[in-house]
Amino acid sequence: MGLRVAVIGLGRGAVLTVPALAAQARIELVAGCDPDPAARAGFAARHGVPACETVEALLANADFDAAYIASPHEFHAAHTLAMAGAAKHVLVEKPMAVTLVEAASMIRAAETAGTVLMVGPSHGYDPPVEAAAALVASGAVGGVRLIHAFNYTDFLYRPRRPAELDTARGGGVILSQATHQIDMVRRIAASPVTSVRAWTGGWDARVTEGAFTALLFFANGAVANLTYSGYARYDSDALAGWVGEMGGAKSPAAHGQARALLAAIDERQAKAARTFAAGAVSSGASKHHERFGSVLITCEQADLALTPSGLDIHADDGVRRVAVPLPSIPRAGVAEAFAHAVLDGWPVPFDGRWGLESLAICHAILLSAREGRDVTPSELYPNVSERTL
Ligand SMILES: NC(=O)c1ccc[n+]([C@@H]2O[C@H](COP(=O)([O-])OP(=O)(O)OC[C@H]3O[C@@H](n4cnc5c(N)ncnc54)[C@H](O)[C@@H]3O)[C@@H](O)[C@H]2O)c1
């Protein structure tokens with residue numbers, strides 16, 4: 001039997017992920033939900049299924065088993081609770097929620113309902129990350145010692161909603177972008193993060209965090225160094241032959257124009273232009289994997305560099321290129337994992353507990369930067385019950 005999925009929030013995130021859900025053989029897209037009539041119309045035209053204005057109307061009118069929640073961060077908890085209350089399984093976008101209290105309530109709701117709660121997609125699911133994690137877990141290159149993740153983008157100067165530029169509502173680069181790097185390095189290091197020391201920066205008209213650097217210390221002795229800037233000047237995709245985040249080719253000529261483009265147009269309209277509301281589509285299958293900046297993993301016996309095609313293993317006897325098979329469509333693995341979790345009872349790569357821990361690391365970055373001290377992420381959620389965690 002297949003999995004009937006409804007999509008809540010028909011914006012940019014949904015444009016990028018719905019094609020993988022629609023292409024998964026055991027998933028049937030049955031409905032959408034968005035307060036914006038243009039988004040509903042665009043989704044219905046593209047996928048041939050109706051869309052409702054509210055979550056309440058969706059629950060009342062559509063017959064479905066699971067929801068992919070891609071509404072803005074601040075609605076993730078309420079939408080997950082509404083779905084779990086109706087015994088629907090949930091795939092919720094990253095970050096799982098804005099606050100840790102919300103995240104814990106989502107875990108409890110799914111536990112009570114006996115439903116699947118999966119967090120994603122994030123770049124922690126990218127096939128080269130999965131391949132590096134599997135190689136490390138095999139023991140073939142020794143233990144992980146140091147992971148370096150580095151990304152310079154135009155995140156802050158893509159068209160944004162006000163909440164995306166408001167730290168208190170989950171805006172800025174920490175919850176939206178650090179989450180990707182955190183998921184990648186956690187998957188590879190495969191050990192709890194015991195301590196975080198970070199700096200964040202915000203220094204222009206977009207008043208929120210636009211850059212950060214953080215050291216994550218893992219229980220197994222590994223350390224990760226994450227650096228990110230979203231100020232739209234240097235673009236680190238230059239280091240990967242101009243292969244962009246979704247694995248497609250980028251034009252070096254377009255580099256650095258984000259600020260000028262944004263200054264010349266209405267931001268609300270520009271935001272809508274990237275969504276179903278304006279008929280936007282994902283770039284679809286591409287020649288390379290999805291990626292999120294540079295990632296270099298130093299193990300005891302080799303250095304592993306993630307590449308757009310897979311990974312390069314730098315060992316004492318030279319460099320070995322490992323081509324990781326491309327999925328039929330970006331994010332196919334996420335859709336497949338969700339189908340397996342619900343229909344076959346398989347464990348999900350990133351469950352509610354995983355999402356809460358990644359969110360706690362985001363908050364540890366913010367707190368460490370604010371107070372100039374080391375922060376233990378698990379100390380940020382002392383009231384979440386032992387049974388849940
Ligand atoms: N994994 C990824 O690669 C990726 C990429 C983009 C966005 N995202 C995530 O997706 C989420 C949405 O971000 P976005 O960039 O798509 O924003 P967006 O503004 O493009 O889209 C949000 C959509 O949600 C709708 N919405 C608002 N309130 C709603 C409600 N109460 N019920 C249903 N829909 C509602 C809006 O009308 C809009 O269509 C965020 O959590 C973001 O982190 C993930």
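The values are calculated or read from the model by the stated rules, or taken from the named source; none is laboratory data. As the structure is a prediction and not an experimental result, all values here were calculated from the model. Here the Cβ positions follow ideal geometry from the backbone for every residue, glycine too, while neighbour counts run over all protein chains shown. Note: areas computed on protein heavy atoms with side chains; ligands, DNA, RNA excluded. Shrake-Rupley method; radii C 1.70, N 1.55, O 1.52, S 1.80 Å.
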| field | Members of the range 245-296 that are acidic (D, E) and either surrounded by fewer than 17 Cβ atoms within 10 Å (Cβ to Cβ) or more than 21 Å from the chain's Cα centre (by Cα) (or both) | value | D266, E267
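How about the range 44-74: which of its residues are under 30 Å from D166 (Cα atoms) and surrounded by 20 or more Cβ atoms within 10 Å (Cβ to Cβ)? Before the answer, list the steps.
Step one: of the range 44-74, the residues under 30 Å from D166 (Cα atoms) are 51-58, 67-74.
If the condition is that a residue be under 30 Å from D166 (Cα atoms) and surrounded by 20 or more Cβ atoms within 10 Å (Cβ to Cβ), then A51, C52, V55, L58, A67, Y68, I69, A70, S71, H73 are the ones that fit.
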| task | Kindly establish whether F75 is touching a residue at least 12 places away in the same chain (Cβ under 8 Å), among the aromatic types (F, W, Y), within 13 Å of the ligand (Cβ to nearest atom) and within 21 Å of A168 (Cα to Cα). | result | yes
| Of I27, I8, which residue is within 11 Å of the ligand (Cβ to nearest atom), in contact with a strand residue (DSSP E or B) (Cβ under 8 Å, 6 or more places away or on another chain) and not assigned by TED's automatic domain parsing to the domain that holds A277? | I8
| query | Taking the stated definitions as given, is V334 within 25 Å of D237 (Cβ to Cβ), under 22 Å from the mean Cα position of the chain (by Cα) and open to solvent by less than 10 Å² (accessible area, probe 1.4 Å)? | reply | yes
| message | Looking only at the range 348-376, how many residues end up being in contact with a His (Cβ under 9 Å, 6 or more places away or on another chain) and modelled with pLDDT of 95 or more? | response | 1
| task | Would you check which residues across the range 1-35 are open to solvent by 60 Å² or more (accessible area, probe 1.4 Å) and either closer than 22 Å to S286 by Cβ or acidic (D, E) (or both) and list them? | result | R12, A23, A25, E28
| Of the residues that make up the range 186-193, is at least one basic (K, R), within 16 Å of the ligand (Cβ to nearest atom), within 23 Å of Y152 (Cβ to Cβ) and assigned to a loop (DSSP other than H, G, I, E, B)? | no
| Looking at this structure, is F212 open to solvent by 70 Å² or more (accessible area, probe 1.4 Å) and either part of a loop (DSSP other than H, G, I, E, B) or not small (G, A, S) (or both)? | no
| query | Using beta carbons and a limit of 6 Å, which pairs, at least six apart or on different chains, have the first residue in the range 45-61 and in the same structural domain as V15 (by TED's automatic domain parsing) and the second one near the ligand (Cβ under 10 Å from one of its atoms) and in a loop (DSSP other than H, G, I, E, B)? | reply | E53/P35
